[in-house]
Amino acid sequence: MKKAFRLEGLCCANCAAKIEREVRRLPGVTAADLNFMTTKLTIESDSDDMAGILDSAAAIVKRIEPDVAMKKA
């Protein structure tokens, strides 16, 4: 399953790299890509717990960039 999100307010390339790296490390994530230019985060997973993965990803975004909003693309 693949889900895509816009990270509204993301303005730090280093933070984008940190978010991408941490989301990739989540259990059940098979791929994660964050394009800084388009602020699009794509998460792929074969796990049945996609909701849990998305909650964890949102928590990572908030911890690294508190002012960024993660919205469905």
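The values are calculated or read from the model by the stated rules, or taken from the named source; none is laboratory data. The model shown is predicted, which means the values in this text are computed figures rather than measured ones. Please note: Cβ atoms are built from the backbone with ideal geometry, for glycine as well, and neighbour counts cover all protein chains shown. Accessible surface is based on the protein model in full, side chains and every heavy atom, while ligands, DNA and RNA are left aside. Shrake-Rupley method; radii C 1.70, N 1.55, O 1.52, S 1.80 Å.
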(request) Using the heavy atoms of the protein chains and a 1.4 angstrom probe, tell me the accessible area per residue for the chain in square angstrom. (result) 59 Å²
(request) Please report, as a whole percent, how much of the solvent-accessible surface of the chain comes from carbon and sulfur atoms (probe radius 1.4 Å). (result) 49 percent
(message) Between 0 and 90 degrees, rounded to the nearest ten: what's the tilt of helix 13-24 against the longest Cα principal axis of the chain?
(response) 10 degrees
(request) Compare Ile60, Ile43, Ile19 in a GNM of the chain, Cα atoms joined below 10 Å, and give the one with the largest fluctuation. (result) Ile60
(message) Run through the chain and list the trypsin sites (Lys or Arg not before Pro) located in a DSSP loop whose Cβ has at most 14 other Cβ atoms within 10 Å.
(response) Arg25
(request) Using the 4.7 Å Cβ rule, please list in number order the cysteines from the chain without any candidate partner. (result) Cys11
(message) Suppose each label sits 7 Å from its Cα in the direction of the beta carbon; what would the Ala73-Asp33 distance come out to in nanometres?
(response) 0.8 nm
(message) Using helices alone, I'd like the mean residue ellipticity at 222 nm for the chain: each DSSP H run of four-plus residues gives -39500 (n - 2.57), total over residue count, nearest 500.
(response) -12000 deg cm²/dmol
